[in-house]
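The structure appears right after this line, and notes come after that.
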Amino acid sequence: MTTTEPVEVTTESGRREQRWPFPTDEESLLKLVHILFEEHWDDIWFGNFAEGAAWEVAAPNAPERISMLDGYVTVDFGRWHFHLCIGEHTASGPELGRIRRCSRAEMYRMLGKDGTPTSWGLRLFNGRDDQMMTAMLPNPFLTNRQKARDEPDWSRLELWDRLREQFLGLGPDEQDRAGKGFRHG
């Protein structure tokens, strides 16, 4: 399933991205949720991103509980929680179950005008191809409060490298460490 070469696209807003397909089976997505929210909750930002809106949410703490019920994973932070349909959902019938379930996922890196990476992330889409969630992974050019760093911290690509290895069978890519900074407007 994994290709070593990414698909490069130009988004509607004119940004260039490289994308790799990510597995969408329940086991892989549940493992991903545990990695992101139990191990890296303080390092990521997540939400929905669409033209005209970007919800960049930081978890307030590690989840109190991650559980599965009827195809939905629930990530519960105590005061608030969210649900993602990542497995077979039967309560709403086969057609709605197919629409609700994650049917496409991708790892991506955005490229600057010079062609070097400026940010890294992962997206999930449902059976209608609506975005379910974007997770922005740690960025070597930004702090955990999304402030620009004077010097890149390449150790912040650890999660990106781990996800590439564990789920795509790809090792680190030297292009990831060729970037010169984070610039988005």
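The values are calculated or read from the model by the stated rules, or taken from the named source; none is laboratory data. Note that the structure is predicted; figures quoted are calculated from it, not measured. Cβ atoms come from the backbone with ideal geometry, glycine included; neighbour counts cover every protein chain shown. Remember, those area values only see protein heavy atoms, side chains included, never the ligands or the DNA or RNA. Shrake-Rupley method; radii C 1.70, N 1.55, O 1.52, S 1.80 Å.
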Exercise. With a ≥ b ≥ c taken as the square roots of the eigenvalues of the C-alpha gyration tensor of the range 1-83, please select rounded if a/c is under 1.5 and otherwise prolate if a/b is larger than b/c or oblate if it is not?
Key: oblate
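Rounded to the nearest percent, how much of the accessible area of the chain (1.4 Å probe, protein heavy atoms only) is carbon and sulfur? Intermediate results must be reported in sequence, preceding the final value.
Working: 4820 of 9910 Å².
Roughly 49 percent, rounded to a whole number.
Ignoring ligands, DNA and RNA, what accessible area per residue does the range 1-128 give at 1.4 Å, in Å²?
Here the residues of the range 1-128 average 52 Å² of exposed surface.
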Quiz prompt | Sequence-distant lysines (8 or more away, or on other chains) whose Cα lies within less than 27 Å of LYS180 | solution = LYS113, LYS147
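FRET efficiency for PHE125 and GLU56, Cβ-Cβ distance as r, R0 = 25 Å, nearest 0.05? Present the calculation step by step, with values, prior to reporting the outcome.
Details: r = 19 Å, r/R0 = 0.75.
It comes out at approximately 0.85.
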Quiz item: Using a Gaussian network model of the chain with C-alpha springs under 10 Å, which one of ALA53, ALA105, ALA62 is most mobile by mean-square fluctuation?
Solution: ALA53
